[in-house]
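Following: one structure in structure tokens, then a few remarks.
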Amino acid sequence: MAERRAAVTWNGDLMTGSGTVDEVGSGAFGPLDVSWAARSEDESGGKTSPEELVAAAHAACFAMALSHALAQDGNAPERLQTSAAVTFVAGTGITRIALTARGKVPGLDAEGFRAAAENAKENCPVSKALTGVPEMTVDASLDA
Amino acid sequence: MPRIVREAEVAWEGSLSRGSGVANAGTGAFSLPVDLPSRVGDAPEKTSPEELLAAAHATCYATSIAGEIARAGGTVEHLDVHCVITMDEVEGKGHLIVRSDIDVNARATGVDQAGVDQAAQAADEGCPFSALIRATASVSVRAELAS
């Protein structure tokens, strides 16, 4: 069992106030500034948001699951690049997560890579925690 | 309603158990190393998907409860929000995120503890992240008005 912690402070009201992701259990990051405007408008001003943190969590989880699945099938990847784009609609929530995977995987063809990516999308723990997201897509292709 | 897209990218080298990756935020707000040992074992200075989710949930909830306390007629001065995400190995299902526990200490005027309790419940219902993970994990929220 693994427990992971984060602490956030917020000052003032939602619209004009602002917050900070002060620290996380590992000490790996923080402080990170957050605000409602940076979350809900196109221009983030370099500030992170819950949706960006979810995107990072999902892209990392997806990369690990894909690396593991490929290796188990005897096609250990040399390199993988994944991304997650999380769409947020204020008042509705997260409506879409688009995952991508690019990889250098000796001995595997494009179809095999796509199948492995689809499988990792279904089975990584973050995907399973986010099954309520209406649309989750994956786009996978091998590096030339 | 405007649709906002936030993106992050991970570059991973090598196997799951011995390889490692870097997670980069689209906004440039962070660039973080990730690997498996820091995900399932002790976490010395490296983050993990679950820690990033804890940060996401704490942030989402902080904005939610700030809004709800104001709606209840209170004025928020300062909120401390802690989130703990628990991942466990569930028989037949592999690793699952099983819990998220939120704990808030609120400094606010114009609202009493009962009002803060109500705001905490409403914030849980209103935070989209709470709603999402409640489908497969348990979520608890607790908020205390600082005296």
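Each Lys and Arg Cβ is given +1 and each Asp and Glu Cβ -1; about its Cα centre, region A:20-89 then shows a dipole of about 200 debye. Between helix A:110-123 and chain A there is an angle of about 40 degrees, using the helix long axis and the longest principal axis of the Cα atoms.
Counting other Cβ atoms within 10 Å as a rough exposure proxy, the listed residues A:E52, B:E7, B:E91, A:E111 run B:E91, A:E111, B:E7, A:E52 from fewest neighbours to most. Taken one residue at a time, the phi angles of region B:5-13 give Karplus couplings (6.51, -1.76, 1.60, θ = phi - 60°) of 10, 10, 10, 9, 10, 10, 10, 10, 10 Hz. Gly and Pro are set to x. Based on the convex hull around the alpha carbon atoms, region A:50-142 presents an average projected area of 5.3 nm². Ranked by how many other Cβ atoms sit within 10 Å of their own Cβ, fewest first, the residues A:T137, A:T20, A:T95 fall in the order A:T137, A:T95, A:T20.
Computed log10 I(q)/I(0) for region B:35-141 at 0.18 Å⁻¹: -0.84, from the Debye equation with unit scatterers placed on every C-alpha and solvent omitted.
Considering only A:T131, A:P106, A:M64, the residue lying farthest towards the positive end of the dipole of region A:50-142 is A:M64, judged by Cα position with unit charges set on Cβ.
Pull out a ≥ b ≥ c, the square roots of the eigenvalues of the alpha-carbon gyration tensor of the protein assembly as shown, then state rounded if a/c is under 1.5, prolate if not and a/b is larger than b/c, and oblate in the remaining case. Taking the square roots of the gyration eigenvalues as a ≥ b ≥ c, the protein assembly as shown is prolate.
About the Cα centre of chain B, how large is the charge dipole given +1 on each Lys and Arg Cβ and -1 on each Asp and Glu Cβ? Please answer in debye to the nearest 20.
360 debye
Averaged over the residues of peptide A:115-125, the number of Cβ atoms from other protein chains lying within 10 Å of each residue's Cβ is 2. Each part gets one Cα centre, and for region A:6-69 versus region B:29-49 those centres are 15 Å apart.
About its Cα centre, the protein assembly as shown has a charge dipole of approximately 320 debye under the convention of +1 per Lys or Arg Cβ and -1 per Asp or Glu Cβ, with nothing else charged. Across region A:97-107, coupling constants 3J(HN,Hα) worked out from phi with the 6.51/-1.76/1.60 Karplus curve, θ = phi - 60°, read 10, 10, 9, 10, 9, 10, x, 10, 10, x, x Hz, and Gly and Pro carry x. In this structure the amide hydrogen of B:G26, modeled in the peptide plane, comes within under 5 Å of the amide hydrogens of B:E7, B:A8, B:E9, none closer than 5 places in sequence on its chain. The mean number of Cβ atoms from other chains found within 10 Å of a Cβ in peptide B:98-110 is 1, as a whole number.
3J(HN,Hα) along region A:54-70, derived from phi through the Karplus expression 6.51 cos²θ - 1.76 cosθ + 1.60 where θ = phi - 60°, amounts to 5, 4, 5, 4, 6, 4, 6, 4, 4, 4, 5, 5, 5, 4, 5, 5, 5 Hz, with x in place of Gly and Pro.
Each value in this text was obtained by applying a stated rule to the coordinates, not by laboratory testing. If you're wondering where the values come from, they're calculated on a predicted model, not measured in any experiment. Cβ coordinates were reconstructed from backbone atoms using ideal geometry, including for glycine residues, and neighbour counts include every protein chain displayed.
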